[in-house]
Every structure is written in C-alpha cells, then in structure tokens.
Amino acid sequence: MPTLEILEFFDAPSTSAGRSAILIEHVNEEFTSVCPKTGHPDFGTITLRYEPRAVCVELKSLKLYYQSFRNEGIFYEDVTSRICRDLADAMSPSWLQIVTDWRGRGGIRSRILASSGVVPTAWARG
C-alpha cells in the first residue's frame, strides 16, 4: 500500500531577493498499477509539475513511492487523485499538477489531470 513515509525531501532553492519562481517537472514513464475490475496491469506515464514553497521531493524516494502502487488495485482516476493529494499534503507547494497518461486498452487511451492550488497561466499545460 502506498504511504507518505517513503517520500524524502530537501530544501527548495530560494526564490527570494527578486529571483523568479521555479517550475519543477518530473516524468515517470514506467508507472504500473492493477485494474481493480479485471486484475490486469495498467501502464502509464505520470507527470508531476510543481512550484515548490519550502521543499522539493527527492527523486529516488518518489520512484519508490510510485512503485508502491505496482500491485495496488486502483482505478486511473483514483491513482491520479491520490498522488496529487499525497504530494500536496507532504510538500505544501504553491501549486502542483499531476497528469497521468494511460496506455490504451480496447482502443481507449485515458489522460487524467489533478491539481492543488492555482496553476499559473504561464505554466499551465496539459
């Protein structure tokens, strides 16, 4: 079961003294979970975008957090919402966006977006 205790953080770069805010984007192209209805594996790409406030997520711990979904029976929408909520709660960023792109099955591909905070217009992409 995925848990926040897996995640580790480090201090975000300072954006004081007139420095611009930064956009961080991490892409995981090997996300796997299990469809709770069929038991078949679901494969997707997870894109995390955020503007850090105080901390940034450490990448190895993020990878381990994502891998903890590998045997989880969970729908696409729930995965996206859960990751968004967990990371927003753990990091308290200025804003955060999760985009999940799921490989097609039965001729249908899915893309799910979730966000926390207000995504600045200049950085909004989907």
### Message
Let me check I've understood the local charge: for G117, count other residues with C-beta under 10 angstrom from its C-beta, Lys and Arg +1, Asp and Glu -1. What total comes out?
### Response
0
### Summary
Across the alpha-carbon set of the chain, Rg over Rh with Rh taken as the Kirkwood radius works out to 0.99
### Query
Under 5 Å between amide H atoms, partner at least 5 residues away or on a different chain: which partners does W95 have, H built in plane at 1.01 Å?
E51
### FRET efficiency, 1/(1 + (r/R0)^6) with R0 41 Å, evaluated for K37 and K60 via beta carbons
0.80
#### Entry: Sparsely packed chymotrypsin sites (Phe, Trp or Tyr not before Pro) within the range 45-126, loop by DSSP, other Cβ within 10 Å at most 13
none
### Task
Report the relative contact order of the chain, percent, no decimals, based on alpha-carbon pairs under 8 angstrom and at least 6 residues apart.
27 percent
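We did not get these values from a lab; they are worked out from the coordinates using the rules stated. None of these values were measured; they are calculated from a predicted model. Cβ sites come from the backbone with ideal geometry, for glycine too, and all protein chains shown count toward neighbours.
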